Amino acid sequence: MLDFLINKSFVARRVRPWLRDKLPISLRRRKNLRKFGSINELYFWRLDRGIDTVAPIQNYFSGLFPGLETATEGKLWVFDHDGAQITTLEFKLPHQGTHLVRMSELVNRDHSYGTFMWQVRVPEAVARHSLIPSGMVYFADRGYVCYEKNKCQVAFIHGVDRYAVFQGRDMGASSLFYRKSTPAKSWVPEFPVQPGMQMELDVLILNRTDRKCECSMVLHRNGGEKVYELTTNISPRGCSMLTVDRSVLRLLDKDIGYLKVDGLPTTWGRPALMRHFDSGAISVMHC
Amino acid sequence: MSLLQGTIDYGILHLASAPIAIMAKEGLRTFAGVTGDDPSNTRNAGMSFVVLLSVFAESKLLGRIIVGTVGPCEHYFIDIDREVAEQGWQDIASFCVAHRVPSQYINEDRFVNIPVMHSHKDFTMYRTVVQYGVDSGALGSVTYETPPNFNMAGANPSFLSFSNKIYIHPDSDSYLVFLNYSVSPDYTKTSNASLMLYTLGGVCVSQLSITVPALDCACVRISDILPDGSENFFSFVAVSSGSALLPISIIVNRRLGGVSVEHSHPPQEYLFADWPVVKRIKTEAVNTISGR
């Protein structure tokens, strides 16, 4: 309601940020962000092509509060590519510690890719810190995930968006960060698709909403010509992996190209790119 | 390629830019991927840019190379080693910044004296693809931009970073690279940073002081400072008072030629809170770790 009044009313556009800043924090925040707690990301995992997915889950509270005892615990949820839950795991997390999760130890090889998330409980000493409840602080875990090829070569990537909101120190119920439907977004990754620089690449897209979405990935030649297009439907909490293989890359001939992804369901839910090389190596990057 | 001449407008220079460590000394080739497109596909339609490469050695600007132009629906990689070699700087260059300047502000080899119609806000998320590779091997890349107001004159910045992107393996070299750059002219502040490495169990196994000169970077090869052990994965915490740094993790598998490149987030990215609260949490953490 307040957003509506500020954004749609007679208030001049340039005054809106100032006006918003003058409001008490509780009025600026939506309902599920008015206490304190944590906000987590949804990540992509895969177990195909000799790749294992490793999540080194870091106790990030120790970095933010090095003077407090931040030993805590966590929980991890694994979903298949359609968003159906496969398994969960609970773990302890020491101060300045990291809990290492190998997806190959949790998921059988019937599943080759999917999504997962984890929640690190706000440590008791942090929850008691004077700034946290009064400042309505929500901790956003900007976790990093590692894809390990042939048990020796790694590629790290960080999460790009937000998924679940947990209140206080709760480890059970959560709500979605994106509770309302937002218009589908497009993204044009800066990444130049340059012939000879990779053998294949996978475009990874996640759905962080509770609605199905339809996304498309288009490979363009520099100048704008459309060379190849794929469309996919992604279930809530699910993901899609769109492969641009050798034969598709050959369509560029000697030209450089670029990708465009349409239909992204959340504001910052940009795709990630995983590249495969002739040597067997991989790399990954967020867009 | 020619060099930019005359007076430089620092505001225009940093509308869309990214500082980059040149990793030739570690046996890596360095590239920068640029485009004229807005990644969000909503702003600046049809705009084209002049691509500049500011190259530094020992905190001194060697020159600003005019690499070319990049327009809408155009993406390409700049071979930074080749650009640097063409100027004869390959043995000394250690650091560079890739800039995209809207074409109307540059005529041939110098800035045009016209009113500036743009600010950085018009180009948020205009990031550069920073890519490293081993000769005849694979490539790894990451996208980032110069953080807004990075080490701006008059500010009192500090640096706190914590992440887990360290991987120890006989076939691999794991590096942490810290970039010390500023959007202000005449920046000279050397950063004295502390780096701590932790095991999975949270035990600090290594502590190191790092000096990062202004307009340069410092590269730490992690296996040089770790005691022998059986773990593959480690985490780190790094702090510095008085200047901000941009931390990059690079892991090179020499057998497969694989490269992993990723940046780390500043603490404010972990905190959904008002700025005064964020600032206080960060300041208290930096002071605690620095023993102040």
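Things worth noting here:
- Number of positions in the range A:77-93 that are surrounded by 20 or more Cβ atoms within 10 Å (Cβ to Cβ) and within 11 Å of chain B (Cβ to nearest Cβ): 1
- Hey, A:ARG208 among the charged types (D, E, K, R), touching a Gly at 6+ places or on another chain (Cβ under 8 Å) and in contact (Cβ under 8 Å) with a residue 60 or more places away in the chain or not: yes
- Conditions (1) more than 7 Å from chain A (Cβ to nearest Cβ); (2) more than 20 Å from the chain's Cα centre (by Cα): number failed by B:GLY242: (2)
- For the condition outside the structural domain of B:SER182 (by TED's automatic domain parsing), within 23 Å of the chain's Cα centre (by Cα) and farther than 20 Å from B:GLY258 by Cα, B:SER119 qualifies.
- For the range B:125-175, the candidate set comprises residues that are of a type in the set (Gly, Ala, Ser) and in contact with a helix residue (DSSP H, G or I) (Cβ under 7 Å, 6 or more places away or on another chain); within that set, the residue that is nearest to the other protein chains (Cβ to nearest Cβ) is B:SER174.
- Number of positions in the range A:102-137 that are in contact with a Pro (Cβ under 8 Å, 6 or more places away or on another chain) and among the β-branched types (Val, Ile, Thr): 0
- Inspection of the range A:205-216 identifies no residue that is under 19 Å from the mean Cα position of the chain (by Cα), at the interface with chain B (Cβ under 10 Å from one of its Cβ atoms) and of a type outside the set (Ser, Thr, Tyr).
- The residues of the range B:176-199 that are surrounded by 22 or more Cβ atoms within 10 Å (Cβ to Cβ), away from chain A (no Cβ under 12 Å) and hydroxyl-bearing (Ser, Thr, Tyr), listed by number, are B:TYR181, B:SER182, B:SER191.
- Residue satisfying all of: in the range A:261-287; within 8 Å of chain B (Cβ to nearest Cβ) and hydroxyl-bearing (Ser, Thr, Tyr); farthest from A:ILE157 (Cα to Cα) among these: A:SER279
- Boolean, A:GLN96 is in contact (Cβ under 8 Å) with a residue 60 or more places away in the chain, polar (S, T, N, Q) and within 13 Å of another protein chain (Cβ to nearest Cβ): no
Condition check ((1) within 11 Å of chain A (Cβ to nearest Cβ); (2) out of contact with any helix residue (DSSP H, G or I) (no Cβ under 7 Å at 6 or more places or on another chain); (3) not in a strand (DSSP E or B)) across all residues:
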position	(1), (2), (3)
B:ILE8	no, yes, yes
B:ILE12	no, no, yes
B:VAL34	yes, yes, no
B:MET47	no, yes, yes
B:VAL55	no, no, no
B:LEU61	no, yes, no
B:CYS73	yes, yes, yes
B:ILE78	yes, yes, no
B:ARG82	no, yes, yes
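- Residue in the range B:107-130 that is over 30 Å from B:GLY242 (Cβ atoms) and buried (at least 23 other Cβ atoms within 10 Å of the Cβ) present: yes
- Taking the conditions (1) more than 14 Å from chain B (Cβ to nearest Cβ); (2) within 22 Å of A:ILE282 (Cβ to Cβ); (3) surrounded by 19 or more Cβ atoms within 10 Å (Cβ to Cβ) in turn, A:MET117 satisfies each one other than (2).
- 3 or more residues in contact with a Pro (Cβ under 8 Å, 6 or more places away or on another chain): qualifying strands (runs of 3 or more DSSP E) within the range B:92-168: B:95-102, B:158-167
- Residue check, B:ILE210 crowded, with 19+ Cβ neighbours inside 10 Å and either at pLDDT below 95 or among the β-branched types (Val, Ile, Thr) (or both): no
- Those strands (runs of 3 or more DSSP E) lying entirely in the range A:89-144 with at least 3 residues farther than 22 Å from B:LYS282 by Cα: A:98-102, A:113-120
- If the condition is being of a type in the set (A, V, I, L, M), more than 26 Å from the chain's Cα centre (by Cα) and part of a strand (DSSP E or B), then the range A:220-265 contributes only A:VAL227.
- Criterion applied to B:VAL261, B:VAL252, B:VAL203 was being out of contact with any strand residue (DSSP E or B) (no Cβ under 8 Å at 6 or more places or on another chain) and within 12 Å of another protein chain (Cβ to nearest Cβ), and the one residue passing it is B:VAL203.
- Counted residues, the range B:229-242 - those being modelled with pLDDT under 95 and either buried (at least 22 other Cβ atoms within 10 Å of the Cβ) or within 19 Å of B:LYS189 (Cβ to Cβ) (or both): 2
- Restricting the range A:150-196 to residues that are under 19 Å from B:ILE251 (Cα atoms) and facing chain B (nearest Cβ under 7 Å), the residue that is modelled with the lowest pLDDT: A:CYS152
- Any pair with Cβ under 8 angstrom, 6 or more apart, that starts in the range A:58-76 at a residue that is within 11 Å of chain B (Cβ to nearest Cβ) and ends at one that is among the hydroxyl-bearing types (Ser, Thr, Tyr) and part of a loop (DSSP other than H, G, I, E, B): A:ASN59/A:THR70; A:PHE61/A:THR70; A:SER62/A:THR70
The values are calculated or read from the model by the stated rules, or taken from the named source; none is laboratory data. In this text the structure is predicted, and so the values were computed from the model without any measurement. FYI the Cβ positions are ideal-geometry reconstructions off the backbone, even for glycines, and counts take in every protein chain you see.
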